[in-house]
Every structure is written in C-alpha cells, then in structure tokens.
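Have a look at the structure below before the remarks.
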Amino acid sequence: MSECLFCKIINGDIPSTKVYEDEHVYAFMDIMPLTKGHTLLIPKTHCQDLFAMPEDVAANLYKAAPKVANAIKLAFNPAGMNTINNNGAAAGQTVFHYHLHLIPRYDDTDGLDVGWHTKKLEMDEMAAIADAIKSHI
Ligand code: 5GP
Ligand code: ZN
C-alpha cells in the first residue's frame, strides 16, 4: 500500500535496520526499542491487523518467528521474550500494517511493565463466552 510506512520500509523507500528477510516476511529493529534487541517482524503482504490477515500470510509470518526470536536469544541471552501484537488504536496500535513485536526481557529493571490484572470467572460465565466465540468459527 503506497501510503503505508511499513510497506515503504519493505520497498526500501524508507531506511530500516534489517535483521532478516525472506519471500514472505521482513524483520527490522524497532526505531524506539523497549529493550535491547526489540525487533519487528512484518508480512510483506500489506494487512492492517490480525483481523485482516489471510491464513497463509499468518502461517508464513509465524514460520519465521522462531528463527528471528532464536537469533535475538543467541545474540543477547535474554531471560525471556514478550511477543506482542497490538490490533487497533484501542489496543495501542500506531502503525496500521500488522507487526509482531519481539521484545527480549532481561530483568525487572529493563523498563517494560506489562500490566496483567486478571479477573476470576465462574465456569458458566466462561462457557457462555466460549460459546459466543465458537458460534463464529
Ligand atoms: P505499535 O504501537 O503499532 O504496536 O508499534 C509500532 C512500532 O513501530 C513502535 O514500537 C515504533 O517505535 C515503531 N516504529 C514507528 N515508526 C518506525 C520507523 O519509521 N522505523 C522503525 N524501525 N520503527 C518504527
Ligand atoms: Zn503496509
């Protein structure tokens, strides 16, 4: 898509620091990294987000994900890694070409604070929620 920032990066119209590329995907350093090694993995086919992503595009993206994640792991020996994808402005998406954040984690002072405030559900509530989803698959 001609106006898309990440399509321009794939095409080389905007410079980026590439770490991996194949026929289907492109991986490059996030310009504002959360931690050392923060990398973005994107499909070469423009899709706004996960909702708009064809299954074969998703399959090719996730085929490459372990390769790039393990390269980051071997390079910097992080203690862990968050793989995050924000879909929609309400979820924090700012660039509307799907991207998987690969964010290596080092220790509790690495600057990333992922809030995870869970709720307890009754089994029947959970089953009703699952049924609502299942009815659309
Ligand atoms: P989002 O908030 O959409 O999940 O993440 C967008 C990410 O793209 C951010 O982490 C941001 O730092 C990164 N980003 C935005 N513009 C550029 C750019 O021009 N080059 C690179 N390499 N990363 C970018
Ligand atoms: Zn794009």
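The values are calculated or read from the model by the stated rules, or taken from the named source; none is laboratory data. None of these values were measured; they are calculated from a predicted model. Because the Cβ atoms are built from the backbone with ideal geometry, glycine has one as well, and the counts that use them run over all protein chains shown. Surface areas here come from the heavy atoms of the whole protein model, side chains and all, with no ligands, DNA or RNA. Shrake-Rupley method; radii C 1.70, N 1.55, O 1.52, S 1.80 Å.
Before moving on, here are some points about what is shown:
- Backbone phi angles across segment 31-46, fed through the Karplus curve with coefficients 6.51, -1.76 and 1.60 (θ = phi - 60°), yield HN-Hα couplings of 5, 10, x, 6, 9, 5, x, 4, 10, 10, 10, 10, x, 6, 7, 5 Hz in residue order; Gly and Pro are listed as x.
- Whole-angstrom gap from segment 62-80 to segment 1-15, using each part's C-alpha centre: 25 Å
- Tally of Lys pairs whose C-alpha atoms are under 29 Å apart, taken over the chain, 8 or more apart or cross-chain: 22
- Taking 0.36 nm per residue of separation and subtracting the current Cα-Cα distance, fully stretching the chain between residue 71 and residue 121 would add 14.1 nm.
- Every helix of 4 or more DSSP H residues in the chain counts as -39500 (n - 2.57), and over all residues that averages to -9500 deg cm²/dmol at 222 nm.
- On Cα atoms only, tilt of 55-76 relative to the major axis of the chain in degrees: 70 degrees
- Spin-label pair residue 18/residue 36, simplified geometry with 7 Å Cα→Cβ offset, distance in nm: 2.6 nm
- Residue separation of residue 112 and residue 129 scaled by 0.36 nm, minus their Cα-Cα distance, works out to 3.1 nm of gained length.
- The accessible-area ordering, largest first, of the residues 73, 8 stands as 73, 8, per a 1.4 angstrom probe.
- Residue 34 accessible area, assembled protein chains, probe 1.4 Å, Å²: 80 Å²
- Unpartnered cysteines - no second Cys beta carbon under 4.7 Å - across the chain: 47
- Counting only protein heavy atoms and using a 1.4 Å probe, the accessible area of residue 29 comes to about 60 Å².
- Here the Gaussian network model covers the chain, with springs between Cα atoms less than 10 Å apart; of 67, 119, 44, 119 fluctuates the most.
- Using only alpha-carbon positions in the chain, the gyration tensor eigenvalues give semi-axes of 28, 22, 14 Å once each is multiplied by 5 and square-rooted (largest first).
- Charge context of residue 33, other residues only, Cβ under 14 angstrom, K/R +1, D/E -1: 0
- Added length on full extension, which subtracts the Cα-Cα distance from 0.36 nm per residue, residue 95 to residue 55: 12.3 nm
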